[in-house]
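Student: First the structure, then my questions, so here it is.
The values are calculated or read from the model by the stated rules, or taken from the named source; none is laboratory data. Note that this is a predicted model, so its numbers are computed, not measured. Glycine gets a Cβ as well: all are built from the backbone with ideal geometry, and neighbour counts include every protein chain shown. For accessibility, only protein heavy atoms count, side chains too; no ligands or nucleic acids. Shrake-Rupley method; radii C 1.70, N 1.55, O 1.52, S 1.80 Å.
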Amino acid sequence: MPLKFIVEGKTEIKFFSDLLRNRFDIVLNADNFINLGGYNENVISKNLAQIQSAIAEGYTPVLIIDADANFNDRNLEINEQLINSNIPGIATFILPNNTDEGNIETLLLSLIRPSQENIRRIECFDALLHCLNGVQKLPGNKEKIYVLIDTYGLEASFDKRDYSNNVIWDLNSNSLNSLIDFIEPLRN
Amino acid sequence: MYKRLSIEHFRGIKQANLDDLGQINLFVGTNNSGKTSVLEAIFLLTGMGNPENLIKIDAFRTLFHNEGDDFRFIFFNLDYSLNPKLIAEMDDTSERGLIIFPKLSSSISAINKSNITPIGTKEDLKADGLFSEFYLKSKHSQRQQFKSTITFQNGRNDIELSKNYKETIQGVFLSTKQDSHDLVNYKAVEEIIRKKKKIELIEVLKILDSEIVGIELFSNNMIFFDKGLAQLVPSNLSGEGIKKLFGIIISIINSPNGIVLIDEIENGFYYKTLKKVWKSIVVAAKKYNVQLFITTHNYEILHELDSALNDDEMVGEKSKIRTYKLVKQDDKTVKAIKYDFEQLNTAIENNNEIR
């Protein structure tokens, strides 16, 4: 059965499209995604009809959400939401690795190829953060990833960047092991 | 108003249930998912005392009957042994149902050289008409049963109505086969003027075309708009959108406490006017307490409905809207997945496909 990834935003849509093509030779398109538009305590009920439609159409739903501050809390919350919406059996993976706190950017940072040049540019950005210490709003991981890609003169926007670019990304990184192991049995 | 609907063995639908129907119900789904068939089922139930509707629904699809066996088109898999069964629960908890049976033909063609092959052992049943058994059941009263028939003979249809049944719900079907000109029915406008509803009709039309200040009828079956010019303007000179909206609003005003069914509402409307079109329709449906059943496969239609209902003056209408995605399964049962307004709004905001 085809997969329907239920994700928090456009960053995930582009990343999973590139990942599935690169690692499983599966081409995904817009029909293979439901964009939840972020996470909140009603996210499943607000998107329930969309998920039920996907199931009725023969898709295998695959829920991907961020752990954010605490993996265990998010795991409990999402299971409760799924049970309350009568769709308890949905395969769920909590980013970055189904164990730790974090989000899609945490995973993406761990996939940056550790070349000298990449490390240098990341260190430059970290130095900027250090220099900016105390300002109203510090740039975060999203900005760090954007700047790294942008400084190579490549398309850096979250819904257009190319994760198959080997200069920046390593889609064979061990950081992906738990995610790959999760997807592997679902793809048939 | 209809609250629940069950469809069995009708057209291409083996079985379908629609629950929690609202005042305004949209049906979306891929081609051949059963959207138009659902409208036809509601139309038949609404006019269940009149077997002529069984021919009308075929005519909406340009299936014109030339012989008695053409009644086969409404049977699931074209199989006379599978009787179409339509049951609805209304919001006052009363129930109405309609079961259709073939009136099997008693005459058998002589077997001769021209029709000798292929010959099977299975009986090839043909019909020359239909029986309709239908009923009404209120909560605290016994079921009232009725029966009508329609028979095709000598090139025409003979109808036998139930003498004891009088339909209480007015229903209008606006088919894709009618162009916007056909929708604007002179007699229907005349009826509105006679009922002193002309000003209300103009008020709704003004939402789309603010220049319209009056409507006049002439004896040659012509309808004119007063747009404040030196002369009246024939309504036929208006754009497709205003003519189509005119037809829809006329149908709503002439069906108080009834239903209006609109197949593929998007036809004829320019996308930039859709928000105003929706406001006109929602306002009219509320005013005349009309339940709407509408099919579409157009994204802008859904997007602009969402946009219209997010305007402050329409907030109270959100809870009346339902969108059903119809998904036909391999066994030809149809799953109807309900989106309430919040779920529709979320899907549209996040640019998710819902058609």
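Student: So which helices (runs of 4 or more DSSP H) stay within segment B:119-230 end to end and still have 2 or more residues that are at pLDDT 90 or above?
Tutor: Helices (runs of 4 or more DSSP H) meeting the threshold: B:186-194, B:198-208.
Student: May I pose another question? Limited to segment B:58-69, what total is found for residues that are within 17 Å of residue B:44 (Cα to Cα) and either in contact with a strand residue (DSSP E or B) (Cβ under 8 Å, 6 or more places away or on another chain) or assigned to a helix (DSSP H, G or I) (or both)?
Tutor: So the count comes out to 3.
Student: Looking for whichever is surrounded by fewer than 24 Cβ atoms within 10 Å (Cβ to Cβ), over 21 Å from residue B:314 (Cα atoms) and touching a strand residue (DSSP E or B) at 6+ places or on another chain (Cβ under 7 Å) here; the options are B:258, B:228. Which one fits?
Tutor: So the residue among B:258, B:228 that is surrounded by fewer than 24 Cβ atoms within 10 Å (Cβ to Cβ), over 21 Å from residue B:314 (Cα atoms) and touching a strand residue (DSSP E or B) at 6+ places or on another chain (Cβ under 7 Å) is B:258.
Here's the yes/no breakdown for (1) free of Cβ contacts under 8 Å to residues at least 24 places away in the same chain; (2) over 20 Å from residue B:193 (Cβ atoms); (3) out of contact with any strand residue (DSSP E or B) (no Cβ under 7 Å at 6 or more places or on another chain):
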{"residue": "B:236", "(1), (2), (3)": "no, no, yes"}
{"residue": "B:273", "(1), (2), (3)": "no, yes, yes"}
{"residue": "B:286", "(1), (2), (3)": "no, yes, yes"}
{"residue": "B:293", "(1), (2), (3)": "no, yes, no"}
{"residue": "B:310", "(1), (2), (3)": "no, yes, yes"}
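Student: Could I ask something else about it? I need the strands (runs of 3 or more DSSP E) fully contained in segment B:244-355, keeping only those with at least 3 residues that are within 14 Å of another protein chain (Cβ to nearest Cβ) and closer than 30 Å to residue B:77 by Cβ.
Tutor: Hits in segment B:244-355: B:321-328, B:333-339.
Student: Let me ask you something else. Taking residue A:2, is it away from chain B (no Cβ under 14 Å), surrounded by fewer than 18 Cβ atoms within 10 Å (Cβ to Cβ) and within 30 Å of residue B:331 (Cβ to Cβ)?
Tutor: For residue A:2, the condition - away from chain B (no Cβ under 14 Å), surrounded by fewer than 18 Cβ atoms within 10 Å (Cβ to Cβ) and within 30 Å of residue B:331 (Cβ to Cβ) - is not met.
Student: Sticking with this structure for a sec: Quick one: in segment B:317-348, which of the residues that are β-branched (Val, Ile, Thr) and open to solvent by less than 30 Å² (accessible area, probe 1.4 Å) is farthest from the chain's Cα centre (by Cα)?
Tutor: B:346
Student: Residues of segment B:8-26 being farther than 13 Å from residue B:328 by Cα and part of a strand (DSSP E or B), which ones?
Tutor: B:8, B:9, B:10, B:18, B:24, B:25, B:26
Student: Of all residues in segment A:105-155, how many are of a type in the set (Ser, Thr, Tyr) and more than 26 Å from residue A:69 (Cα to Cα)?
Tutor: The number of residues fulfilling the criteria is 3.
Student: Just to be sure before I move on: is residue A:143 of a type in the set (Asp, Glu), over 19 Å from residue A:114 (Cβ atoms) and surrounded by 14 or more Cβ atoms within 10 Å (Cβ to Cβ) in the structure I sent?
Tutor: Yes.
Student: I've got another one for you. So for segment A:165-181 (the condition being under 25 Å from residue A:39 (Cβ atoms), open to solvent by 30 Å² or more (accessible area, probe 1.4 Å) and in contact with a helix residue (DSSP H, G or I) (Cβ under 9 Å, 6 or more places away or on another chain)), does at least one residue qualify?
Tutor: Yes, some residue in segment A:165-181 is under 25 Å from residue A:39 (Cβ atoms), open to solvent by 30 Å² or more (accessible area, probe 1.4 Å) and in contact with a helix residue (DSSP H, G or I) (Cβ under 9 Å, 6 or more places away or on another chain).
So that you can scan it fast, the table gives a plain yes or no per residue for (1) in contact with a helix residue (DSSP H, G or I) (Cβ under 6 Å, 6 or more places away or on another chain); (2) among the small types (Gly, Ala, Ser):
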{"position": "B:263", "(1), (2)": "yes, no"}
{"position": "B:269", "(1), (2)": "yes, no"}
{"position": "B:275", "(1), (2)": "yes, no"}
{"position": "B:316", "(1), (2)": "no, yes"}
{"position": "B:320", "(1), (2)": "no, no"}
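Student: Being under 13 Å from the mean Cα position of the chain (by Cα) and open to solvent by 10 Å² or more (accessible area, probe 1.4 Å): is that true of residue B:3 here?
Tutor: no
Student: Of all residues in segment B:146-161, count the ones that are within 13 Å of residue B:67 (Cα to Cα) and open to solvent by 60 Å² or more (accessible area, probe 1.4 Å).
Tutor: Number satisfying all stated conditions: 4.
Student: Quick check on residue A:157: is it part of a helix (DSSP H, G or I) and either open to solvent by less than 40 Å² (accessible area, probe 1.4 Å) or in contact (Cβ under 8 Å) with a residue 24 or more places away in the chain (or both)?
Tutor: Here the answer is no, as residue A:157 does not meet what is asked.
Student: Kindly indicate which of B:298, B:351 is open to solvent by 10 Å² or more (accessible area, probe 1.4 Å) and free of Cβ contacts under 8 Å to residues at least 12 places away in the same chain.
Tutor: B:351
Student: Which of the residues spanning segment A:160-183 are charged (D, E, K, R) and in contact (Cβ under 8 Å) with a residue 40 or more places away in the chain?
Tutor: Passing the criteria: A:160, A:161, A:162, A:170.
Student: Against the condition at pLDDT 95 or above, in contact with a helix residue (DSSP H, G or I) (Cβ under 7 Å, 6 or more places away or on another chain) and within 26 Å of residue A:54 (Cβ to Cβ), how does residue A:108 come out, does it pass?
Tutor: yes
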